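Here's the structure, in structure tokens; my notes come after.
Bear in mind these aren't lab numbers, they're just calculated from the coordinates by the rules spelled out. All values derive from a computational prediction rather than experimental measurement. Because the Cβ atoms are built from the backbone with ideal geometry, glycine has one as well, and the counts that use them run over all protein chains shown.
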Amino acid sequence: MAIPRLRAWPAVSMAVLSVVAALAVAAPASAASSATQRQVDAYLAGHPGGQQINSREISYSNGTFIVTVVPAVATSAPDCPPGWFCFYAHTNFGYPRGKLSDCGWQDLSTWGWQNRTESVHYNLSTGSVAFIGESGSTDSVLFTVDTGRRAIADVSPYRNQADFVYRYC
């Protein structure tokens, strides 16, 4: 009788090790999900009025403005989806990222994004966007992006100065 138990022991130990390995793999994923949700919650607390639409995005004004809190992968390249123009809170396209697509004048303070742009990406097939700074009663164009100059990894010397955008369609 002792022999069958000894033969079963390697199979049982392999099953236990498989379960432990599966839990070890699952733990980081759920920890990452928890960290992402904490970032989304913190963003919403600091910038109320949005609605979480998936694990990492927040919609404002019925989808007019979308904030992506954390990227799917770390990037130093522009990754604005087609049909949008994006602006990033850090140089080299570092997140969080805001994105718009509407034409005309838009006040970035509506979504808590004034004075936060450090890099930009224009991923539309026509038109351009002027990023505008307000200085007292004067508004001035700081920089533009368009189909000829789609991305700026560092908008210096105009970092964190854009208050408005105007998209020419």
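What do you get for trypsin sites (Lys or Arg not before Pro) in region 118-169 restricted to DSSP loop and a cutoff of at most 14 other Cβ within 10 Å of the site's Cβ? Numbers along the way, then the final one.
Working: sites: 149, 150, 159, 167; in loops: 149, 150, 159.
In loop regions of region 118-169 (DSSP not H, G, I, E or B), the sparsely surrounded trypsin sites (Lys or Arg not before Pro) are 149.
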Spin-label point model (7 Å from Cα, Cβ direction): what's the residue 146 to residue 158 distance in nm? 1.3 nm
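For residue 64 and residue 135, compute 0.36 nm times the residue count separating them, minus their Cα-Cα distance, and round to one decimal in nm.
Working: separation 71, 0.36 × 71 = 25.56 nm, distance 2.60 nm.
Stretched fully, the residue 64-residue 135 segment lengthens by 23.0 nm.
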Computed label-point distance, nm, for sites residue 33 and residue 105 using a 7 Å Cα→Cβ extension: 4.5 nm
In whole Å, what is the distance between the alpha-carbon centres of region 119-169 and region 76-93? 12 Å
Once fully extended, how much extra length lies between residue 77 and residue 44, figured as 0.36 nm per residue of separation less the alpha-carbon to alpha-carbon distance? 9.3 nm
